[in-house]
1. What tally of residues in the stretch 72-87 results from selecting those that are touching a helix residue (DSSP H, G or I) at 6+ places or on another chain (Cβ under 6 Å) and closer than 19 Å to Arg247 by Cα?
2. If I ask for residues that are farther than 23 Å from Ala187 by Cβ and hydroxyl-bearing (Ser, Thr, Tyr), which ones from the stretch 1-38 would you list?
3. Give the residues of the stretch 216-237 that are in contact (Cβ under 8 Å) with a residue 24 or more places away in the chain, surrounded by fewer than 22 Cβ atoms within 10 Å (Cβ to Cβ) and assigned to a helix (DSSP H, G or I), sorted by residue number.
4. Quick check on this structure: which one of Thr145, Thr116 is more than 12 Å from Val174 (Cα to Cα), β-branched (Val, Ile, Thr) and either touching a residue at least 60 places away in the same chain (Cβ under 8 Å) or buried (at least 17 other Cβ atoms within 10 Å of the Cβ) (or both)?
5. Just for the stretch 57-84: of the residues that are under 20 Å from the mean Cα position of the chain (by Cα) and modelled with pLDDT of 95 or more, which one is surrounded by the most Cβ atoms within 10 Å (Cβ to Cβ)?
6. Would you say Ala100 is closer than 16 Å to Leu59 by Cβ and either without any contact (Cβ under 8 Å) to a residue 24 or more places away in the chain or aliphatic (A, V, I, L, M) (or both)?
7. Can you find a residue that is outside any helix (DSSP H, G or I), touching a Gly at 6+ places or on another chain (Cβ under 8 Å) and surrounded by 19 or more Cβ atoms within 10 Å (Cβ to Cβ) anywhere in the stretch 203-210?
Amino acid sequence: MPVRSVHDRTELADLLARHPALYAYQLGDLDDFFWPYTTWYRLADAVALVYHGGTVPTLLALHPADGTDQLADLLRELGPLLPAHFEAHLPPGAETALRARFTGHDHGPHLKMALTDPALLATARPAGDVLTRADLPELTKLYATAYPDNWFDPRMLDTGHYVGLRRDGELVAVAGVHVWSPVYRVAALGNVTTHPTARGAGLATAAVAALCHRLRASVDHVTLNVRADNAAARAVYARLGFTVVARYAEHTFTARRT
């Protein structure tokens, strides 16, 4: 069965909805907000997305545990169609399928987590105000200080799902989303940070709790990505009812010179 490009959102949604926590980013990218920046490929039940909306294209190619062989075949066939330089989110070991055409840099193991215990979330004290475009200069300043290597698209402020906390009038903590889709009922948290001078006071926990309460009014699955070695962040999310649903690795690939 050959690899084929897919342009039918209904077909993709039916496939991805089988594992919504695993594919939350991909489901969100079916929305009009992201769809124009996407290219999709499929081989049997394995699906790959190349997202072009950032500075560097990003390949998202994940699978449930029983889809390893299909995904490896898809990645090998996809090699000639991929950009010369891109980032990728792949299951452990899947990067070997790209090594014939690309050199790669491994950015380490990551986890996908999903909100599976709302009872724990209910024990947290939510706090924070919704941020808007008017807060963009202050938010940009916070990220430059506290999270300079984050991936932030200012358009996401338009979703109404960025929550910030202030001290003495200064924005010092924020929790936001990378993806929010009321159509496909999924959200992915992102761009969560606290100013270095305000850490340790539970501000991020309060902001994430407030954001999760907002999101649960419009989605069924709240997810996030986190580095496996970020023990502090993992502890925050676990206290709020998140559990690990998948492991993956982030990579940067560059085409080999021929």
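1. Going through the stretch 72-87 one residue at a time, the tally reaches 2.
2. Selection gives Ser5 alone.
3. Selection gives Ala233, Arg234, Val236.
4. That would be Thr116, the only listed residue that is more than 12 Å from Val174 (Cα to Cα), β-branched (Val, Ile, Thr) and either touching a residue at least 60 places away in the same chain (Cβ under 8 Å) or buried (at least 17 other Cβ atoms within 10 Å of the Cβ) (or both).
5. This residue is Ala61.
6. The answer is yes for Ala100.
7. no
The values are calculated or read from the model by the stated rules, or taken from the named source; none is laboratory data. Please read these numbers as outputs of a predicted model, since none were measured by experiment. Quick reminder, even Gly has a Cβ in these numbers, built from the backbone with ideal geometry, and neighbours come from all protein chains shown.
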